[in-house]
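The structure under discussion appears below in the form of structure tokens.
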Amino acid sequence: DDVLQQLPGQTTTDFNLNSFKNIIFRTATNTSSLNYQMKAFGTSFVMNDIPISNNENMQAFNPNSGLGNAFGTPTNIFTNPNSGIDLREISTNNIEEIKIIQGIPSAKYGDLTSGLVLITTKVGSSPYRVSASIRDATSELNLTKGYRFNTNNSMNVGLNYLDSKADARDNLLDYERINGNISWQYKNNNSTVKNTLTTNFRMNLDDAKADPDDISAQVVRNQKKGFSISNNLMWKPKNLWVDGINVNTSFSYDKQFSRRERWVNVPASAATDSYEEGIHDAVIVPSQYTSVSTVEGIPISTFLTLETTKTLTNKAGWIHSLVFGISNRTSTNKGAGRKNEVTGLLNFYTLNREGSSVLAYRDYNFNNTKTENQISAYAENRIFKKFENNQILNIDLGLRFDNQLGNLLLQPRINSSFSFNKALRIRGGFGLSSKAPSLNQLYTGDRYLDKLIGTGIYTYPGVYQKAWIQTIITPGDNLDLKPSKSYRTEAGFDLTLPFAGINVTGYYNKLFNGFVSQDIPVYRVIPKAEVTIVGTQVLTYQIVGTENFYYFNHSITNQSTSEDKGIETTVNFRKIKPLNLDISFNASYVYTSDFSDSQYYLASTNLLSPERYGVYKTRPTNQDNFTLGSNFNYHIPSVGLLISVRTEHILAQNKKQNVGDFPDGYLDSQFIYHEIPLADRSSIQKYGHLIKELPEIQTKLQRPIHNFHLRISKDFQNGFGISFYATNFLNLKPTYFNVTNQRTLSTTADFSFGTKLNYEF
């Protein structure tokens, strides 16, 4: 996470490991918005040529609602379905290299729309490395060792433990992580065969304990245990027409369990657990009880790719590096699923008023889902040509074919560059990519709407307390959901000067067919029941006809779109040798437009009007960010001292959401949609009861925000090393005036510090 935050446009955030962490690149979308989570779902992490998958994560209590009603506290969310990879689960103790591709990825990589992070782990002989670190209320221990048995065989072992509390003064909110890995590598004598077998195990635990001072606080526990096995085979055959054959395989298995417990105090209410449509005897729920909600998931993923390479060179010096590959990945979840229960009785969404209804809850077994399958093929031609006077041409032509859940997608990708000389290079590229929906978005279970019949709960003190609930069932799975797609393009130049290297990149990215929640109006004709009351006799009801019933169902659709356009630059100055000082700067400006074709509905203020609901389009949101950053590294190799200072400057950060438009149409008394003629949409006389003008939302950065971070490292000749690091070491606390003219602290990284000890032997 610390490495990724140093990219242009990224800023350091509060050190907090008690909530899941994800990332996207080149956007101004607010991190707290649903659009951010949707984009982060399209950021791909690939470790040793094996993608880390989150498609099978179903740890949500209500998948069709927002973030899926994830588990956590009001300020910290633990589970991350539909929201990308949780960076907390990736330990850095065994990482050798990280490559970040913000632009157009190679055709080799799929199931992504928002960027690519390539991670390579250590394999081979290395000394024992032991490290311990502490930062605020977070402590971490690492142990790694690489063994070389002979010229052909080596092994690497790593172990990591982390414990992070939200507050050092108590243990109410805690995150624990245990990771381990064993990698064994074999190479034959002439290195034509290399095979790496890796086994990883992991355990993550988010724990929000009971607060003795707050009886209403939720008690939440989110646990994940699992392992993965992967194998990377590289073979350079001598007697075949290909130069290399690569085979990568993996199998990942996790067991996830999320539990939320809370104290509930409500008026007497009724509930039902029926899975059949019709009228059922209701359970009368006590006014006080402990509600327990659980989700048990067993996500399983597999990956297989077969790749061949061939290099061709003609007499003119043109070099073609050809790559052909096919791959298959699967995602499934075999957990017991979603359950809701309390001590001694079933507990679901409850009803307590006459005629009240609610889009209710039922248990859902994840074995009802099907395996998500993706089949891909790709081809690349990496062209290289060196001309006179150090002129170099590179063109990477790629084409990828994906079959994602039966959706056939062809994705061309091109990256190119031309070096005029050693000082100037221009580059550009464009490409298409796609991201398959998750199992949590596809399989949500049927939607159950429960409705109290009659006048509600009937009570005769000392004799009876009775209620009936009418259940209406609507199919809820989103099986028509298609992959989201991304079009990415960029152009730039690299300039090498005697005193510095300058990189400038402009880009335009468009995400379309994105995933978004949508209310669906539903009209049903249902039986009409009438309750008969005769003194103290047992209550009965009878069907007296039918009635029209209208409600809104929730679904997920491909109606979200986002555009990001911007420019970024990096300047790396040559080392100032007399001072042993390295200096670099970066700057980024990005403008983002998030909009959607989804609709929302506002009820008419006139209950007698035939127009029941006004139908509005979702308002677009425009945001922009302008940031600067710098790094100063003072290094004295002779004494093993490194002092680093990083500065961050947010010069602009604006957000605008336009005034709510007039309704495009309306729903009548039978929930039939009628479009309003354009000339009549602003007519107060005709549609004043539907028009609810929403205010413009506009925020601007009132003053620039600055932050400074420090790191000091010292290595000793005996293998011992120590590091001290501080975020916002000047303890700056910028403020702004909110809409009520009150001075408020800006959301910048707070002061925190820590230290790390290393020993190598």
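Any idea which residue in segment 657-700 is farthest from the chain's Cα centre (by Cα), counting only those that are in a loop (DSSP other than H, G, I, E, B) and small (G, A, S)? Before you say what the answer is, go through the steps one by one.
To start, the set of residues in segment 657-700 that are in a loop (DSSP other than H, G, I, E, B) comprises 658-664, 668-672, 676-677, 681-683, 688-696, 700.
The next check asks that each one be small (G, A, S); those that pass are 660, 669, 682-683, 688.
Values: G660: 29, S669: 40, S682: 39, S683: 43, G688: 41 Å.
That would be S683.
So which residues in segment 169-215 are more than 26 Å from L87 (Cα to Cα) and β-branched (V, I, T)? Don't jump to the end; show me each part of the working.
So the first thing to find is which residues in segment 169-215 are more than 26 Å from L87 (Cα to Cα), and the list is 185-195, 210-215.
Once the filter is applied, which keeps residues that are more than 26 Å from L87 (Cα to Cα) and β-branched (V, I, T), segment 169-215 yields T192, V193, I215.
Looking at segment 264-303, which of the residues that are at pLDDT 85 or above and surrounded by fewer than 15 Cβ atoms within 10 Å (Cβ to Cβ) is farthest from L233 (Cα to Cα)?
Among those that are at pLDDT 85 or above and surrounded by fewer than 15 Cβ atoms within 10 Å (Cβ to Cβ), it is D281.
Is there any pair linking a residue in segment 493-509 that is in contact (Cβ under 8 Å) with a residue 24 or more places away in the chain to one that is part of a loop (DSSP other than H, G, I, E, B), with Cβ under 6 Å and at least six apart or on different chains, and which?
If the second residue must be part of a loop (DSSP other than H, G, I, E, B), the pairs left are T496/A423; F499/R574.
Restricting to segment 372-410, give me the number of residues that are in contact with an Asp or Glu (Cβ under 7 Å, 6 or more places away or on another chain) and buried (at least 18 other Cβ atoms within 10 Å of the Cβ).
Selection size over segment 372-410: 7.
Being on the phi < 0 side of the Ramachandran plot and outside any strand (DSSP E or B) is true for just one of E296, E307, E276. Which residue is that? Talk me through it step by step, then tell me what you get.
Numbers: E296 fails: outside any strand (DSSP E or B); E307 fails: outside any strand (DSSP E or B).
Selected residue: E276, the only one of E296, E307, E276 that is on the phi < 0 side of the Ramachandran plot and outside any strand (DSSP E or B).
As an exercise: evaluate V242 against (1) outside any loop (DSSP other than H, G, I, E, B); (2) of a type outside the set (K, R); (3) surrounded by fewer than 17 Cβ atoms within 10 Å (Cβ to Cβ) and give the number of the one condition it does not meet.
It fails just one condition, (1).
Being of a type in the set (F, W, Y), more than 44 Å from the chain's Cα centre (by Cα) and either more than 30 Å from Y275 (Cα to Cα) or at pLDDT below 90 (or both) narrows it down to one residue among Y507, Y460; which is it? If you could, list the steps in order and put the result at the bottom.
Details: Y507 fails: more than 44 Å from the chain's Cα centre (by Cα).
Exactly one residue qualifies, and that residue is Y460.
All but one of (1) more than 23 Å from A282 (Cα to Cα); (2) part of a strand (DSSP E or B) hold for P578, so report the exception by its number.
(2)
Given the criterion among the polar types (S, T, N, Q), touching a strand residue (DSSP E or B) at 6+ places or on another chain (Cβ under 8 Å) and more than 30 Å from L4 (Cα to Cα), identify the matching residue among Q670, Q653, Q657, Q702.
Working: Q653 fails: more than 30 Å from L4 (Cα to Cα); Q657 fails: more than 30 Å from L4 (Cα to Cα); Q702 fails: more than 30 Å from L4 (Cα to Cα).
Every option except Q670 fails the conditions.
Please go through segment 239-285 and pick out each residue that is of a type in the set (D, E, K, R) and closer than 30 Å to E89 by Cβ.
Our first condition is that a residue be of a type in the set (D, E, K, R); within segment 239-285, this holds for 243, 254-255, 259-262, 273, 276-277, 281.
Listed by number, the residues that qualify are D254, K255, R259, R260, E261, R262.
Inside segment 701-747, can you point out the residues that are over 22 Å from I650 (Cα atoms) and either in contact with a helix residue (DSSP H, G or I) (Cβ under 6 Å, 6 or more places away or on another chain) or part of a strand (DSSP E or B) (or both)?
Scanning segment 701-747 gives I712, S713, K714, D715, F720, G721, I722, S723, F724.
If the requirement is being out of contact with any Leu (no Cβ under 8 Å at 6 or more places or on another chain) and assigned to a loop (DSSP other than H, G, I, E, B), which of these qualifies: T489, T455? Quick ask: steps written out before the conclusion?
Working: T489 fails: assigned to a loop (DSSP other than H, G, I, E, B).
Residue meeting the stated conditions: T455.
Kindly indicate the residue of segment 43-77 that is among the β-branched types (V, I, T) and modelled with pLDDT under 90 and also surrounded by the fewest Cβ atoms within 10 Å (Cβ to Cβ) among those meeting that condition.
Step one: filter segment 43-77 for residues among the β-branched types (V, I, T), giving 43, 46, 50, 52, 73, 75, 77.
Still in the running and modelled with pLDDT under 90: 73, 75, 77.
Working: T73: 19, T75: 10, I77: 19.
Filtering segment 43-77 for residues that are among the β-branched types (V, I, T) and modelled with pLDDT under 90, the one surrounded by the fewest Cβ atoms within 10 Å (Cβ to Cβ) comes out as T75.
Mind listing just one residue for me: the one in segment 370-390 that is modelled with pLDDT of 95 or more and either of a type in the set (F, W, Y) or in contact with a Phe, Trp or Tyr (Cβ under 6 Å, 6 or more places away or on another chain) (or both) and, of those, nearest to Q441 (Cα to Cα)?
A377
I'd like to check something: does segment 519-532 contain any residue that is surrounded by fewer than 18 Cβ atoms within 10 Å (Cβ to Cβ), under 24 Å from M38 (Cα atoms) and in contact (Cβ under 8 Å) with a residue 12 or more places away in the chain?
Scanning segment 519-532 turns up at least one residue that is surrounded by fewer than 18 Cβ atoms within 10 Å (Cβ to Cβ), under 24 Å from M38 (Cα atoms) and in contact (Cβ under 8 Å) with a residue 12 or more places away in the chain.
I'm checking my understanding of the structure. Among residues of segment 32-42 that are small (G, A, S) and modelled with pLDDT under 90, which one is farthest from D206 (Cα to Cα)? Steps first, please.
Within segment 32-42, the subset small (G, A, S) is 32-33, 40, 42.
Then drop every residue that is not modelled with pLDDT under 90, which leaves 32-33.
Values: S32: 20, S33: 22 Å.
It comes out as S33.
When you go through (1) surrounded by fewer than 24 Cβ atoms within 10 Å (Cβ to Cβ); (2) out of contact with any strand residue (DSSP E or B) (no Cβ under 6 Å at 6 or more places or on another chain) one by one for N80, which number turns out not to apply?
Status for N80: all satisfied but (1).
Going by the structure shown, is E261 modelled with pLDDT under 95, at negative phi, surrounded by fewer than 14 Cβ atoms within 10 Å (Cβ to Cβ) and acidic (D, E)?
Numbers: modelled with pLDDT under 95: yes; at negative phi: yes; surrounded by fewer than 14 Cβ atoms within 10 Å (Cβ to Cβ): no; acidic (D, E): yes.
No: the conditions fail for E261.
Grab the strands (runs of 3 or more DSSP E) fully contained in segment 101-209, keeping just those with 1 or more residues being more than 27 Å from the chain's Cα centre (by Cα), over 30 Å from F71 (Cβ atoms) and not hydrophobic (A, V, I, L, M, F, W, C).
Details: elements: 116-121, 126-135, 138-148, 153-165, 173-187, 193-208.
By residue number, 126-135, 138-148, 153-165, 173-187, 193-208.
So how many residues does segment 445-482 have that are buried (at least 19 other Cβ atoms within 10 Å of the Cβ) and over 23 Å from Y550 (Cβ atoms)?
Count: 3.
Check S588, S593 and return the single one that is in a strand (DSSP E or B), free of Cβ contacts under 8 Å to residues at least 40 places away in the same chain, out of contact with any His (no Cβ under 8 Å at 6 or more places or on another chain) and over 30 Å from V522 (Cβ atoms).
On the way: S588 fails: free of Cβ contacts under 8 Å to residues at least 40 places away in the same chain.
Just a single option satisfies the conditions, and that option is S593.
Yes or no, residue by residue, for (1) modelled with pLDDT of 90 or more; (2) among the β-branched types (V, I, T); (3) within 19 Å of L608 (Cα to Cα); (4) in contact with a helix residue (DSSP H, G or I) (Cβ under 9 Å, 6 or more places away or on another chain):
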| position | (1), (2), (3), (4) |
| --- | --- |
| R646 | yes, no, no, yes |
| G660 | no, no, no, no |
| Y666 | yes, no, yes, yes |
| Q670 | no, no, yes, no |
| Y673 | yes, no, yes, no |
| L678 | yes, no, no, no |
| H689 | yes, no, yes, no |
| K692 | no, no, yes, no |
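The values are calculated or read from the model by the stated rules, or taken from the named source; none is laboratory data. Everything numeric in this text was worked out from a predicted model, so none of it was measured. With ideal geometry, Cβ positions are generated from the backbone for all residues, glycine too; neighbour counts draw on all protein chains shown.
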